[in-house]
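Participant: Below you will find the structure I want to go over with you.
No lab work stands behind these numbers, since they all come straight from the coordinates. Given the structure is predicted, the values throughout are model-derived calculations rather than measurements. Cβ atoms come from the backbone with ideal geometry, glycine included; neighbour counts cover every protein chain shown.
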Amino acid sequence: MQKGLNTICVHTGEVEDKVFGGAVSPMYLSTAYEYDGLETSIYPRYFNSPNQHKLSEKIAELEKAESALIFGSGMAAITTAMLSVLRSGDHVILQNQIYGGTRNFIVEECQQYGIAYSFVDVNNWSELNSALQAETKLIYIETPSNPLLEITDVAAVTKFAKENNVLTMADNTFASPINQRPIEQGVDIVIHSATKYLGGHSDITAGAVASTHDIMKKVFSKAKNFGGSLADQTVWLLERSMKTLNLRVSQQSNNALVMAEFLENSEHVDKVYYPGLKSHPQHELAKSQMLGFGGMLSFDLNEKCDISRFFKGLKLIKNVLSLGGVESTVLSPEKTSHSLLTPEERKAQGIKSNLVRFSVGIEDTSDLKRDLRMAFSESL
């Protein structure tokens, strides 16, 4: 039976309370279960406790995948998934503009595994084709990208990859499965920092990988050795949080468009990066492959504004790390998410010192506008 998004969020992945018939999933905290002599015996480090197993079903159904696993963090999901399909001697092509932590992993760790890599503009087909090697096994994309909300042509990338017998992996954190489902567009593997929208309340650190049964067998084989499973208390909290995923993300997406339009018309802002704006260079592409434009945007403060005073002037919007919570937050990518990049790398990606990343929450937009106006005044 085909179910709607809200129904999937609420009901798929529930653990049935067979003892008392409770309306919510019971929490199984045991780390020791009866051995039944089968490979399916429960062992939490093997990602198969009752809560882990059922929540993986919810994530898989939301992403239209055959299978999924939950991890202790987004980086645990990313690194495990990559090293599950790459071996020494392989080559990976990566989108140039990606999360700083992912880029840092590639630059600092891949060499010791004997994995070669190329960062390219994946929307530039000449550049993408030039990067292709006989050893290329994976193309990694992130759309919308962090922090400038660039949109990758997912269908075109996956078509290119399949023609060349190369796997594709997409970081779907910014969009969430509410606004985008890359597997339906041909992507082989989807990853999430579930710390963000899937958790949604800034109180959970988790990650997720979703793909086919065959690929997820490889991911599991690597994951059980790396030991990146998630404690069941957090698994339970994540399952509870995801019940409202569609409601939260839909409101955040609506709010983000309102705030993007407000900022675009502000004399204190030079440029707004949001795929829902008609001024975004890839607006039409975003419309064609996304179900909604998401709750993330970025903007360049005008040079007459001091970014430090701007952050201090905010009273409602929080200047904190991370994103995707029900509360609105801002940060400086230069100082935080992309601080591990060199100044030259940030400049090449268009990340300026006055760039503000804005994770729009579910508050009333009139209150958010008022808070920004006061902060703009404080920044002068």
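Participant: Helix 365-379 sits at what angle to the longest principal axis of the chain, using alpha carbons and giving 0 to 90 degrees rounded to 10?
Facilitator: Result, in degrees: 50.
Participant: Given H placed on each backbone N at 1.01 Å, which residues far from residue 136 in sequence or on other chains put an amide H within less than 5 Å of it?
Facilitator: The answer is 91.
Participant: What distance in nm separates the simple spin-label points at residue 46 and residue 133, each placed 7 Å from Cα in the Cβ direction?
Facilitator: So the two model labels end up 3.7 nm from each other.
Participant: While we're on this one: For residue 222 and residue 342, FRET efficiency with R0 = 41 Å and r from the beta-carbon atoms, rounded to 0.05?
Facilitator: 0.85
Participant: Taking 0.36 nm per residue of sequence separation and subtracting the Cα-Cα distance, how much length would be gained by fully extending the chain between residue 312 and residue 126, in nm to one decimal? Numbers along the way, then the final one.
Facilitator: Values: separation 186, 0.36 × 186 = 66.96 nm, distance 4.46 nm.
Fully extending the segment from residue 312 to residue 126 adds 62.5 nm.
Participant: Further question on the same structure: For a label point 7 Å from the Cα of residue 284 along Cα→C-beta, name the residues of segment 156-170 whose backbone N is under 12 Å from it.
Facilitator: none
Participant: Which lysines, if any, have their Cα less than 22 Å from the Cα of residue 335, not counting same-chain residues under 8 positions apart?
Facilitator: By straight Cα distance, residue 335 reaches 196, 271, 304, 312, 315, 318, 347, 352.
Participant: Leaving out same-chain residues fewer than 8 places away, which lysines sit with a Cα under 20 Å from that of residue 217?
Facilitator: Qualifying lysines at Cα under 20 Å: 54, 58, 64, 137.
Participant: Ranked highest first by average number of other Cβ atoms within 10 Å, how do 193-199, 286-292, 354-360 line up? Walk me through the numbers on the way to the answer.
Facilitator: Numbers: 193-199: 26.9, 286-292: 18.3, 354-360: 24.1.
Those peptides, ordered most packed to least, come out 193-199, 354-360, 286-292.
Participant: In addition: For the chain, modelled as a GNM with alpha-carbon contacts under 10 angstrom, which of 170, 260, 155 fluctuates the most?
Facilitator: 155
Participant: Something else now. With θ taken as phi - 60° and the coefficients 6.51, -1.76 and 1.60, list the Karplus ³J(HN,Hα) couplings across segment 138-151 in order, rounded to whole Hz; mark glycine and proline as x.
Facilitator: Going residue by residue, I get 8, 10, 10, 10, 9, 9, x, 8, 9, x, 9, 6, 6, 10 Hz, with x marking Gly and Pro.
Participant: Once both axes come from the Cα atoms, what is the angle between helix 245-264 and the longest principal axis of the chain, in degrees from 0 to 90, rounded to 10?
Facilitator: With both axes taken from Cα atoms, the answer is about 20 degrees.
Participant: Relative to the longest principal axis of the chain, what angle (0 to 90°, nearest 10) does the C-alpha long axis of helix 154-163 take?
Facilitator: Around 50 degrees separate the two axes.
Participant: Would you mind computing, in nm to one decimal, how far apart the modelled labels at residue 159 and residue 19 are, each placed 7 Å from Cα along Cα→Cβ?
Facilitator: The two pseudo-label positions are separated by 5.5 nm.
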